[in-house]
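The values are calculated or read from the model by the stated rules, or taken from the named source; none is laboratory data. On a predicted model such as this, the values are computed, not experimentally measured, just so you know. Using ideal geometry, Cβ is built from the backbone for each residue, glycine included, and neighbour counts are taken over all protein chains shown.
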């Protein structure tokens, strides 16, 4: 026979006992201290220890236990319905019951431990109170889901109260104080009338909007406005207008809901919270200033239809829309939208204050909530515009200023390849970008688009950089080629540039600028060289022309001119202002006479401004420098098109003009510019 102590020691070491003991301590959430665990092992986990714990737990569960007495008091004030978890039946609760919180259970057990007849010694009794308190849970808990279901169930049992109003019945007389019951009648009549005519209202608004769109389309066709001529642009414009109408209707619903909650504020004040300018701002971001102005006018008219009887909201929509159109060039950062909407909010608040002041100071003071609500209405445009712009930009494949700004990063993979493979072309593109941006500013075109297009317009030269003069050293590879092959290589950089742009998912506007920056101009030097070749027939002029198309936009036209001017300015030995002015004028006149600018809507006034802008940039690039003492006088540049060697041209045919022709191109029947 083994002694009892040895038997217990072996039992305590068994895996089953260790697992059972771990589960016991885990259920008590760490309340079993090492001292208590040691004592229970010494007592061999006697049955009376279990009995003492049960007595303590029953004593703790005697009163009603809640997790939060303050929450219980709040619910008790409204009335509490109890449901027994075991039976699912409702039971009553005496209002005189004073529950205790769960955290007070341990203190309660210490007070009553001496009255429970526990067998544990006093020193251990305190240690047993902690585990017993951990076993206790609230006996009364709040069930939010069951509460909502009970409320809905009781509400469904209540029959709706209705009152029949006869036609012509007097509800309230003029000058009479309106009672709560009369106000309910008036609001019910208004709601019923609004619901009854909602379809008629929408159909009427759609008909008027369609008529306005038809007139806008006729205007665009008659006066050659590009904003609505294309199907994609027209579809986007219609979608923005319809979305703005839906947004106004949704804002009206929200305004009525707020007015039901805050009856002391007039519904006219809550209407100011509607975002009236989301459509014009999106039109400015996605379609430009002209579309934004037209959208602002149509939004104002549509607002007058949706909110009849008050011209104030139409004026708010018109003023905010015009401001959004004015800032169309400034939406180049995500924060710009918030700043613009904050400014629109200030305009709305000023208009709301002015409208209130028109009716007198007392009315303005009584309707003061309309001023901050109008400001919030301006800020509400941020949510609609920020949410819709990326979706529309992706859906219609549009190029916004923010996308263009991303492309100005010189770490773009294509530009990094260009600076490594064709550094001369890269520098040429940067100068062309400065010229094009300055000219676009002068004629109110799109400066950012012009600059980005200039950065990428010659990326096709990456594949054969050594055949273009700006990347050549002492050797000119065209000397070993036939004129036809040289022209083919020069022409190929346009097609290869467009394909490279599509490969890198450049916007279609940029790819269009790449394809159009030479138009259908003739590579005159190699054409004349082919004509003068002995034994050859008359060459086909089409084989020496760029494939085109001619510039289709104002940005493409001024990019062509900037490309010609930058290339030809490098051939000037004398870069005085007079020579630069003559060079720019000759370049512009050559492209104009060749018909390259026929399709890009550049006026004579635009061409004059473009020339002045080019001169400002070229004067900064080719400014005079002082010769310091001890330095040799600078030599005049004799190398055509910025060549590094001032080698004189051969008699009859200047050999280095091939480089200029590749960069800028010449017009048919004229010598290359700068020759």
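All but one of (1) loosely packed, with under 11 Cβ neighbours inside 10 Å; (2) modelled with pLDDT of 70 or more; (3) assigned to a helix (DSSP H, G or I) hold for residue 109, so report the exception by its number.
(1)
Criterion first (surrounded by 12 or more Cβ atoms within 10 Å (Cβ to Cβ) and more than 22 Å from residue 56 (Cα to Cα)) does residue 164 satisfy it?
no
Select the helices (runs of 4 or more DSSP H) contained entirely in the range 230-315, then report the ones holding at least 3 residues which are surrounded by fewer than 20 Cβ atoms within 10 Å (Cβ to Cβ) and at pLDDT 90 or above.
Qualifying helices (runs of 4 or more DSSP H): 231-261.
Being farther than 26 Å from residue 495 by Cβ and buried (at least 24 other Cβ atoms within 10 Å of the Cβ), is that true of even one residue in the range 588-601?
No, the range 588-601 has no match at all.
What single numbered condition from (1) out of contact with any strand residue (DSSP E or B) (no Cβ under 8 Å at 6 or more places or on another chain); (2) modelled with pLDDT of 75 or more fails to hold for residue 2?
It is condition (2) that residue 2 fails.
Name the helices (runs of 4 or more DSSP H) wholly inside the range 384-448 in which the number of residues that are out of contact with any helix residue (DSSP H, G or I) (no Cβ under 7 Å at 6 or more places or on another chain) and within 26 Å of residue 609 (Cα to Cα) is 2 or more.
Ranges flagged: 423-443.
Select from the range 462-481 the residues that are without any contact (Cβ under 8 Å) to a residue 24 or more places away in the chain and in contact with a helix residue (DSSP H, G or I) (Cβ under 9 Å, 6 or more places away or on another chain) and write down the one among them that is surrounded by the fewest Cβ atoms within 10 Å (Cβ to Cβ).
By that ranking, first place goes to 475.
Please pick out the residue among 456, 526 that is modelled with pLDDT of 95 or more and assigned by TED's automatic domain parsing to the domain that holds residue 432.
456
To keep it simple, each residue is scored yes or no on (1) at pLDDT below 75; (2) surrounded by 12 or more Cβ atoms within 10 Å (Cβ to Cβ); (3) in a helix (DSSP H, G or I); (4) touching a helix residue (DSSP H, G or I) at 6+ places or on another chain (Cβ under 7 Å).
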residue	(1), (2), (3), (4)
18	yes, no, yes, no
51	no, yes, yes, no
56	no, yes, yes, yes
70	no, no, yes, no
88	yes, no, no, no
98	no, no, no, no
118	no, yes, no, yes
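Considering 559, 572, which residue is in the same structural domain as residue 434 (by TED's automatic domain parsing), buried (at least 16 other Cβ atoms within 10 Å of the Cβ) and modelled with pLDDT of 95 or more?
559
Only one of these is assigned by TED's automatic domain parsing to the domain that holds residue 247 and either in a loop (DSSP other than H, G, I, E, B) or crowded, with 20+ Cβ neighbours inside 10 Å (or both): 325, 319. Name it.
Matching residue, one of 325, 319: 325.
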